[in-house]
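The structure appears below as structure tokens.
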Amino acid sequence: QTVKLWDVSIGQYLRTLQGHTNRIRSVAFSPDGSILASGSEDQTVKLWDVRTGQCLRTLQGHNGWVISVAFSPDGGILASGSDDGTIKLWDVQTGQCLRTLQGHTNRVWSVAFSPGGDILASGSDDGTIKLWDVQTGQCLKTLKSDRPYERMNITGATGLTEAQKATLRALGAVEKKDEQDATCQTTYREKSNTVLRNLPK
């Protein structure tokens, strides 16, 4: 139910962030490292001031565990994926829910923005990855996994724009082309999602 912050360069404990009432499932730093978002089984997202440890605001609206969180590249929008099968986009400054993205039929395990911030990718236990238009909330494309138990394994992902490919890479996919395949299908495979981020001094 807590988040602990550490200085990874020397292994020193900095502070503990307290406020959630159930287990924490996901955390993400804003691009400038000043804000930390945490998603919890208490169905909320909390935004924290990294320097002071103060809870800036609590985002409420999901009807299930919040399993994944991600900031847009400019830090202005936060995406949260939930056990309720929805993704919510939040205004980081005001805490307002901008829109709810609906279409998955099972929990949303991962969310990631494209480098330009205009596309969001979401991976779900329903065996699909969806690409969304951030401004309109429209689902641009649905990709089905060829191995439902491995969420990021997609074969034959053709017709993707460069921005959509970049979004899949941000979600954690590695693009490979099968040189032995006459159709030259594009395959995306999951890579490690373990990331360390240095905080500003």
- the stretch 69-83 - residue that is surrounded by fewer than 22 Cβ atoms within 10 Å (Cβ to Cβ) and either out of contact with any Phe, Trp or Tyr (no Cβ under 8 Å at 6 or more places or on another chain) or among the polar types (S, T, N, Q) (or both) and, of those, nearest to TRP6 (Cα to Cα): GLY75
- Task: State yes or no: is ARG23 in contact (Cβ under 8 Å) with a residue 24 or more places away in the chain, basic (Lys, Arg) and surrounded by fewer than 17 Cβ atoms within 10 Å (Cβ to Cβ)?
- Result: no
- Single condition ASP42 does not satisfy, out of (1) within 19 Å of ALA170 (Cα to Cα); (2) out of contact with any Gly (no Cβ under 7 Å at 6 or more places or on another chain): (1)
- For the stretch 89-107, what are the residues that are in a strand (DSSP E or B) and buried (at least 18 other Cβ atoms within 10 Å of the Cβ)? LEU89, TRP90, LEU101
- Complete set of residues in the stretch 23-35 that are part of a strand (DSSP E or B) and more than 10 Å from PHE71 (Cβ to Cβ): ILE24, ARG25, SER26, VAL27
- Query: Among the residues of the stretch 130-145, which ones are farther than 14 Å from GLY117 by Cβ and part of a strand (DSSP E or B)?
  - Reply: LYS130, CYS139, LEU140, LYS141, THR142, LEU143, LYS144
- Lone unmet requirement of (1) touching a Ser or Thr at 6+ places or on another chain (Cβ under 9 Å); (2) farther than 17 Å from SER40 by Cα; (3) part of a strand (DSSP E or B); (4) modelled with pLDDT of 95 or more for SER122: (4)
- Matching residues in the stretch 56-88 (free of Cβ contacts under 8 Å to residues at least 60 places away in the same chain, assigned to a loop (DSSP other than H, G, I, E, B) and of a type in the set (S, T, N, Q)) number 2
- Query: So how many residues does the stretch 36-55 have that are under 20 Å from the mean Cα position of the chain (by Cα) and assigned to a strand (DSSP E or B)?
  - Reply: 11
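The values are calculated or read from the model by the stated rules, or taken from the named source; none is laboratory data. Predicted model, so just to flag it, every value in this text is computed and none were measured. Neighbour counts run over all protein chains shown; Cβ positions are idealised from the backbone, glycine included.
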